[in-house]
Amino acid sequence: MSKYWSPSIQSLVPYTPGEQPQVEGLIKLNTNENPYPPAPGVARALRDFETDRLRLYPDPESAQLKQALARNTGLECDQIFVGNGSDEVLALTFMALLRQDKPLLLPETTYSFYNVYIDLYGIQARHVPLTDDFRIDLSQYRQPNGGIIFANPNAPTGISVPLDDIRSLLESTPDSVVVVDEAYVDFGAESATALVNEYPNLLVTQTFSKSRSLAGLRIGCAFGHKDLIEALERVKNSFNSYPLDMLAEAAAIASLEDEAYFNDCIERVIATRQWTTEALNRLGFEVLPSHTNFVFAAHANLTGAELMAYLRENKILVRHFTKPGIENHLRISIGTDAEMRALIDCLKQHPQMAD
Ligand code: PMP
């Protein structure tokens, strides 16, 4: 802290995405990365990339990636925005669309990064509690105008809301901007991109970090009515935010070209999630129904902090939140089958586990 800092920075609580350890030999189940490599075509695209091109600036429009996303979604290029990870896309969304006169509505328990932007931009916000069974009840988000943001599936709970509920929300709030963060949607939830052509107030954000295994390259996108996309482009261009770099764009396009590999990875993650959930249940955990590449689980006899420390001692990293209401849950990313077996075996060794 320094007297030279602007006031909004002084009260800022930095977002902590979770440990990225530099030591070898840890089983890393704490930041929802994909355990499988990106599509083989990504390696080829990077290997064959003509490095001479790197002396030029990248295409500010990322036109080729937008065209690939347009083919993939059936949307037009002017309904698509791309940025350096969905965190950047969200940052620009908060700046361009969610600073309204009315309070922004968002779940009390959700991706904590939203609150960083709320604080940074001095946005008024109303945090809506989850239901007792940790669901987002969209009937509580109806407001005549303003902004609404939620993650679907939600994080860290992993629970998704049905598309019909999103449709009802959009029907009842035509003058509010509704942002649906679909970072995890590919792992079994229904995407609201299907509604983009019907509702001009809907913006959907997605990422290549999770289902496409490209967290290391920072690629995110948004889909919405062209007027919403134009707002994002305007903010991005006036800040001179960087477009995607050339390697990220080439990798993203290659990834979109291999849907068979993509579907195969998703199926593997879902199958592993299924048996892991059952194994955790047998050990006395309550596991929320997940449509993501992680599970959110609490044990009957042990606190979240105790469990996290025990696993950490045994070289397994998981995520624990101190927020009241979820302080006894662990968020456990779905790794390979071998990693999840190691997790379950380690938990079984704990003296207070059922099984
Ligand atoms: N939204 C949610 C709900 C997330 O959990 C994350 C990843 N932590 C992101 C967005 C951002 O992902 P990225 O910036 O890697 O695209």
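The values are calculated or read from the model by the stated rules, or taken from the named source; none is laboratory data. What you see is a predicted model; the values in this text were computed from it and never measured. Every residue, glycine among them, receives a Cβ derived from its backbone with ideal geometry; neighbour counts consider all protein chains shown.
Filtering the stretch 61-88 to residues that are crowded, with 24+ Cβ neighbours inside 10 Å and within 12 Å of the ligand (Cβ to nearest atom) leaves 82, 83, 86. Taking the criterion of being without any contact (Cβ under 8 Å) to a residue 40 or more places away in the chain and within 12 Å of the ligand (Cβ to nearest atom), the residues of the stretch 175-184 that qualify are 180, 182.
Do we find that residue 123 is under 30 Å from residue 59 (Cα atoms) and more than 15 Å from the ligand (Cβ to nearest atom) in this structure? Answer is no for this residue.
Would you point out the residue of the stretch 23-47, among those that are in a loop (DSSP other than H, G, I, E, B), more than 20 Å from residue 320 (Cβ to Cβ) and over 23 Å from the mean Cα position of the chain (by Cα), that is modelled with the highest pLDDT? Among those that are in a loop (DSSP other than H, G, I, E, B), more than 20 Å from residue 320 (Cβ to Cβ) and over 23 Å from the mean Cα position of the chain (by Cα), it is 25. Give the stretch 229-265 a look and list any residue that's among the charged types (D, E, K, R) and under 25 Å from residue 196 (Cα atoms), or say none. Correct list: 230, 233, 234, 236, 249, 257, 258, 259. Counting only residues that are outside any helix (DSSP H, G or I) and either within 12 Å of the ligand (Cβ to nearest atom) or in contact with a Leu (Cβ under 8 Å, 6 or more places away or on another chain) (or both), the stretch 89-102 holds 1 of them. Applying the set (1) at pLDDT 95 or above; (2) surrounded by 19 or more Cβ atoms within 10 Å (Cβ to Cβ) to residue 236 leaves exactly one unmet item: (1). Taking the stretch 238-262 as the range and being farther than 15 Å from residue 63 by Cα and assigned to a helix (DSSP H, G or I) as the test, the residues that pass are 238, 239, 255, 259, 260, 261, 262. When 295, 269, 287, 204 are checked against the criterion of being touching a Leu at 6+ places or on another chain (Cβ under 9 Å), within 16 Å of the ligand (Cβ to nearest atom) and not assigned by TED's automatic domain parsing to the domain that holds residue 172, a single residue qualifies: 295.
Taking the conditions exactly as written (within 28 Å of residue 185 (Cα to Cα), loosely packed, with under 15 Cβ neighbours inside 10 Å and of a type in the set (Gly, Ala, Ser)), does residue 39 satisfy them or not? No: the conditions fail for residue 39. Cβ-Cβ distances below 8 Å connect the following pairs, each with a first residue in the stretch 66-79 that is assigned by TED's automatic domain parsing to the domain that holds residue 231, a second residue that is of a type in the set (Val, Ile, Thr) and in a helix (DSSP H, G or I), and a separation of six or more residues or different chains: 68/253; 73/193; 75/193; 78/229; 79/229.
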